Amino acid sequence: MIKEQVLNDLFDYPNLKIYQIKGYFKFSLDSILLAEFVKITKNTKEILDLCSGNAPVPMILSTKTNAHIDAFELQKTIFELGEKSIKYNKLDNQIKIYNVDICEIDEYINNKKYDIITCNPPYFKVDNNNFINECDELAIARHEIKVNLEEIFKIASSHLDDKGEFYLVHRVSRLDEIIIYANKYNLNVKNIEMIQTKKENKPYIVLVRCIKNSKFGIKINNIKNIENRITYQNMFEEDL
(Lines give C-alpha, C1' and ligand atoms only; values in the text may rest on other atoms or scores of the structure.)
Protein backbone atom coordinates (compact mmCIF):
# COMPACT_ATOMS: atom_id res chain seq x y z
CA MET A 1 0.00 0.00 0.00
CA ILE A 2 1.36 3.42 -0.97
CA LYS A 3 1.28 5.83 1.95
CA GLU A 4 0.55 9.47 1.13
CA GLN A 5 3.11 11.96 2.43
CA VAL A 6 1.94 15.41 3.48
CA LEU A 7 3.85 18.56 4.42
CA ASN A 8 2.49 20.30 7.53
CA ASP A 9 3.42 23.08 9.90
CA LEU A 10 5.43 21.71 12.80
CA PHE A 11 2.48 22.16 15.15
CA ASP A 12 2.45 25.80 16.35
CA TYR A 13 5.87 26.50 14.81
CA PRO A 14 4.62 27.80 11.44
CA ASN A 15 8.13 28.67 10.25
CA LEU A 16 9.03 24.98 10.36
CA LYS A 17 7.51 22.35 8.09
CA ILE A 18 7.47 18.60 8.65
CA TYR A 19 6.76 15.66 6.36
CA GLN A 20 4.34 13.09 7.72
CA ILE A 21 2.29 10.16 6.44
CA LYS A 22 -1.38 10.99 6.33
CA GLY A 23 -3.48 8.89 8.69
CA TYR A 24 -0.47 6.79 9.65
CA PHE A 25 2.59 8.31 11.28
CA LYS A 26 2.61 11.79 12.83
CA PHE A 27 4.76 13.42 15.48
CA SER A 28 3.26 13.78 18.96
CA LEU A 29 2.72 16.79 21.19
CA ASP A 30 4.98 14.99 23.67
CA SER A 31 7.94 15.71 21.35
CA ILE A 32 7.05 19.40 21.28
CA LEU A 33 6.89 19.54 25.07
CA LEU A 34 10.23 17.75 25.35
CA ALA A 35 12.00 20.18 23.02
CA GLU A 36 10.54 23.17 24.86
CA PHE A 37 11.64 21.72 28.23
CA VAL A 38 15.31 21.68 27.22
CA LYS A 39 17.52 24.37 28.76
CA ILE A 40 20.20 25.51 26.31
CA THR A 41 23.07 27.84 27.18
CA LYS A 42 25.76 29.59 25.18
CA ASN A 43 28.08 26.74 26.14
CA THR A 44 25.91 24.12 24.44
CA LYS A 45 27.86 22.90 21.41
CA GLU A 46 26.74 19.31 20.80
CA ILE A 47 23.24 17.81 21.13
CA LEU A 48 22.07 14.22 20.57
CA ASP A 49 18.45 13.21 20.00
CA LEU A 50 17.56 9.53 20.45
CA CYS A 51 14.45 7.83 19.01
CA SER A 52 14.10 10.87 16.79
CA GLY A 53 11.08 9.86 14.69
CA ASN A 54 10.55 12.32 11.85
CA ALA A 55 12.80 14.81 13.68
CA PRO A 56 10.44 17.28 15.43
CA VAL A 57 12.72 17.61 18.49
CA PRO A 58 15.94 18.47 16.58
CA MET A 59 14.11 20.95 14.38
CA ILE A 60 12.56 22.81 17.32
CA LEU A 61 15.89 22.81 19.16
CA SER A 62 17.46 24.42 16.09
CA THR A 63 15.30 27.51 16.78
CA LYS A 64 16.95 27.83 20.23
CA THR A 65 20.62 27.23 19.41
CA ASN A 66 23.28 27.05 16.73
CA ALA A 67 24.72 23.90 18.33
CA HIS A 68 25.29 20.85 16.14
CA ILE A 69 22.58 18.20 16.53
CA ASP A 70 22.91 14.47 15.81
CA ALA A 71 19.66 12.49 15.60
CA PHE A 72 19.10 8.73 15.45
CA GLU A 73 16.01 6.97 14.10
CA LEU A 74 15.87 3.21 13.56
CA GLN A 75 12.94 2.87 11.16
CA LYS A 76 13.78 3.67 7.57
CA THR A 77 10.39 5.03 6.47
CA ILE A 78 10.23 7.38 9.45
CA PHE A 79 13.90 8.33 9.13
CA GLU A 80 13.28 9.34 5.50
CA LEU A 81 10.48 11.68 6.62
CA GLY A 82 12.85 13.33 9.10
CA GLU A 83 15.68 13.61 6.59
CA LYS A 84 13.33 15.15 4.03
CA SER A 85 12.00 17.65 6.58
CA ILE A 86 15.49 18.67 7.68
CA LYS A 87 16.50 19.35 4.08
CA TYR A 88 13.26 21.22 3.33
CA ASN A 89 13.88 23.56 6.28
CA LYS A 90 17.52 24.02 5.18
CA LEU A 91 18.79 22.63 8.49
CA ASP A 92 21.05 19.92 7.07
CA ASN A 93 24.16 21.95 7.95
CA GLN A 94 23.11 21.88 11.61
CA ILE A 95 21.24 18.58 11.99
CA LYS A 96 22.61 15.19 10.95
CA ILE A 97 20.10 12.34 11.14
CA TYR A 98 21.17 8.67 11.07
CA ASN A 99 19.06 5.65 10.12
CA VAL A 100 20.63 3.55 12.87
CA ASP A 101 19.59 1.47 15.88
CA ILE A 102 20.62 3.51 18.93
CA CYS A 103 22.04 0.33 20.47
CA GLU A 104 24.68 0.52 17.69
CA ILE A 105 25.39 4.21 18.14
CA ASP A 106 29.05 3.67 19.08
CA GLU A 107 29.86 2.58 15.53
CA TYR A 108 28.82 5.99 14.18
CA ILE A 109 29.91 8.57 16.75
CA ASN A 110 32.81 6.68 18.39
CA ASN A 111 33.74 8.36 21.68
CA LYS A 112 31.95 11.63 21.00
CA LYS A 113 30.43 13.31 24.05
CA TYR A 114 27.41 15.59 24.11
CA ASP A 115 26.33 18.53 26.25
CA ILE A 116 22.64 17.60 25.95
CA ILE A 117 20.83 14.38 25.04
CA THR A 118 17.08 14.21 24.46
CA CYS A 119 14.77 11.24 24.02
CA ASN A 120 11.08 10.59 23.39
CA PRO A 121 11.22 6.78 23.64
CA PRO A 122 8.67 3.99 23.27
CA TYR A 123 6.46 4.19 26.36
CA PHE A 124 5.11 0.67 26.77
CA LYS A 125 6.66 -2.58 27.91
CA VAL A 126 6.15 -5.68 25.83
CA ASP A 127 3.84 -7.92 27.83
CA ASN A 128 0.48 -9.61 27.57
CA ASN A 129 -1.34 -6.65 29.11
CA ASN A 130 -0.53 -4.17 26.34
CA PHE A 131 -2.02 -4.31 22.88
CA ILE A 132 0.72 -4.18 20.25
CA ASN A 133 -0.20 -2.59 16.94
CA GLU A 134 -0.22 -4.97 13.98
CA CYS A 135 1.78 -2.40 12.02
CA ASP A 136 5.45 -3.07 12.82
CA GLU A 137 6.47 0.58 12.48
CA LEU A 138 3.82 1.80 14.93
CA ALA A 139 4.51 -1.09 17.30
CA ILE A 140 8.24 -0.28 17.42
CA ALA A 141 7.50 3.42 17.97
CA ARG A 142 5.20 2.71 20.92
CA HIS A 143 6.54 -0.46 22.56
CA GLU A 144 9.95 -1.44 23.89
CA ILE A 145 10.57 -3.94 21.11
CA LYS A 146 13.96 -2.64 19.97
CA VAL A 147 15.13 -0.68 23.01
CA ASN A 148 13.97 -0.42 26.61
CA LEU A 149 14.13 2.27 29.26
CA GLU A 150 17.25 0.99 30.99
CA GLU A 151 19.14 0.73 27.69
CA ILE A 152 18.26 4.34 26.91
CA PHE A 153 19.72 5.52 30.23
CA LYS A 154 22.85 3.44 29.66
CA ILE A 155 23.35 4.93 26.19
CA ALA A 156 22.70 8.48 27.40
CA SER A 157 25.14 8.15 30.28
CA SER A 158 27.82 6.71 28.00
CA HIS A 159 27.64 9.64 25.58
CA LEU A 160 27.06 12.60 27.92
CA ASP A 161 29.93 14.80 28.97
CA ASP A 162 30.46 15.28 32.70
CA LYS A 163 27.64 17.53 34.00
CA GLY A 164 25.89 17.03 30.67
CA GLU A 165 22.08 17.01 30.71
CA PHE A 166 19.65 14.28 29.71
CA TYR A 167 16.02 15.17 28.94
CA LEU A 168 13.30 12.54 28.75
CA VAL A 169 9.54 12.54 28.20
CA HIS A 170 7.61 9.51 29.43
CA ARG A 171 4.52 8.25 31.22
CA VAL A 172 4.06 9.23 34.87
CA SER A 173 3.39 5.57 35.67
CA ARG A 174 7.03 4.75 34.98
CA LEU A 175 8.58 7.54 37.04
CA ASP A 176 9.82 5.11 39.70
CA GLU A 177 11.80 3.18 37.08
CA ILE A 178 13.14 6.42 35.60
CA ILE A 179 14.58 7.47 38.97
CA ILE A 180 16.06 4.02 39.59
CA TYR A 181 17.82 3.88 36.22
CA ALA A 182 18.90 7.51 36.47
CA ASN A 183 20.68 6.78 39.74
CA LYS A 184 22.16 3.53 38.42
CA TYR A 185 23.79 5.32 35.48
CA ASN A 186 24.86 8.48 37.37
CA LEU A 187 22.22 10.65 35.72
CA ASN A 188 20.68 12.12 38.82
CA VAL A 189 17.22 13.58 38.34
CA LYS A 190 17.19 17.35 38.93
CA ASN A 191 13.79 18.50 37.59
CA ILE A 192 10.44 16.82 37.16
CA GLU A 193 7.47 18.45 35.42
CA MET A 194 4.06 16.80 35.22
CA ILE A 195 1.74 17.42 32.27
CA GLN A 196 -2.06 17.40 32.46
CA THR A 197 -4.50 17.81 29.59
CA LYS A 198 -7.32 19.17 31.78
CA LYS A 199 -7.36 20.67 35.28
CA GLU A 200 -9.62 17.89 36.53
CA ASN A 201 -7.38 15.16 35.08
CA LYS A 202 -4.38 13.61 36.79
CA PRO A 203 -1.07 14.19 34.99
CA TYR A 204 -0.13 11.33 32.69
CA ILE A 205 3.04 12.64 31.02
CA VAL A 206 6.24 13.57 32.82
CA LEU A 207 9.25 15.56 31.65
CA VAL A 208 12.52 14.73 33.39
CA ARG A 209 15.86 16.58 33.44
CA CYS A 210 18.93 14.70 34.63
CA ILE A 211 22.53 15.85 35.08
CA LYS A 212 25.43 13.43 34.84
CA ASN A 213 27.49 13.09 38.03
CA SER A 214 25.49 15.77 39.84
CA LYS A 215 24.58 15.97 43.50
CA PHE A 216 21.30 14.48 44.70
CA GLY A 217 18.29 16.76 44.94
CA ILE A 218 15.11 16.97 42.87
CA LYS A 219 12.99 20.03 42.14
CA ILE A 220 9.33 19.37 41.31
CA ASN A 221 8.10 22.02 38.89
CA ASN A 222 4.52 23.26 38.87
CA ILE A 223 2.11 21.04 36.95
CA LYS A 224 1.77 22.28 33.38
CA ASN A 225 -1.71 22.32 31.89
CA ILE A 226 -1.79 21.93 28.10
CA GLU A 227 -5.56 21.98 27.55
CA ASN A 228 -5.29 24.89 25.09
CA ARG A 229 -2.62 23.09 23.10
CA ILE A 230 -4.66 19.88 23.03
CA THR A 231 -7.54 21.90 21.57
CA TYR A 232 -5.12 23.31 18.99
CA GLN A 233 -3.84 19.81 18.28
CA ASN A 234 -7.35 18.59 17.48
CA MET A 235 -7.86 21.49 15.08
CA PHE A 236 -4.38 20.97 13.65
CA GLU A 237 -4.95 17.27 12.96
CA GLU A 238 -8.22 17.98 11.20
CA ASP A 239 -6.24 19.96 8.65
CA LEU A 240 -3.75 17.19 7.89
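Tabulated values for the structure
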{"item": "Antiparallel bridge percentage (DSSP; both residues within the chain; nearest 5)", "result": "50 percent"}
{"item": "Stokes-Einstein translational diffusion, segment 1-62 - Kirkwood Rh over all Cα pairs, 1.567 mPa s, 4 °C, in µm²/s", "result": "101 µm²/s"}
{"item": "Set Lys64/Lys84; Lys39/Lys215; Lys64/Lys112; Lys17/Lys199 screened for pairs whose C-alpha atoms are more than 25 Å apart", "result": "Lys17/Lys199"}
{"item": "Simple Cβ-charge dipole of the chain, Lys/Arg +1 and Asp/Glu -1, about Cα centre, in debye nearest 20", "result": "880 debye"}
{"item": "Derived scalar couplings ³J(HN,Hα) [segment 194-208; Karplus, 6.51 cos²θ - 1.76 cosθ + 1.60; whole Hz; x for Gly, Pro]", "result": "8, 10, 10, 8, 8, 4, 7, 9, 6, x, 10, 10, 10, 9, 10"}
{"item": "Gaussian network model of the chain, Cα within-10 Å springs - most flexible of Leu168, Leu91, Leu50", "result": "Leu91"}
{"item": "Rg to Rh quotient for segment 10-131, alpha carbon positions, Kirkwood Rh", "result": "0.96"}
{"item": "Accessible area (Å², per residue) of segment 1-125, counting only protein heavy atoms and a probe of 1.4 Å", "result": "45 Å²"}
{"item": "For the chain, the longest site-free run once GluC sites (Glu not before Pro) in DSSP loop states with at most 12 other Cβ atoms within 10 Å are removed", "result": "5-133"}
{"item": "Most mobile listed residue (Lys198, Lys154, Lys84) in the chain, GNM with C-alpha springs under 10 Å", "result": "Lys198"}
{"item": "Carbon + sulfur, % of accessible area of the chain - ligands and nucleic acids excluded, 1.4 Å", "result": "46 percent"}
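The values are calculated or read from the model by the stated rules, or taken from the named source; none is laboratory data. From a predicted model like this one, the values you see are computed outputs, not experimental measurements. Every residue, glycine among them, receives a Cβ derived from its backbone with ideal geometry; neighbour counts consider all protein chains shown. Just the protein is used for accessible areas: all its heavy atoms, side chains included, with ligands, DNA and RNA removed. Shrake-Rupley method; radii C 1.70, N 1.55, O 1.52, S 1.80 Å.
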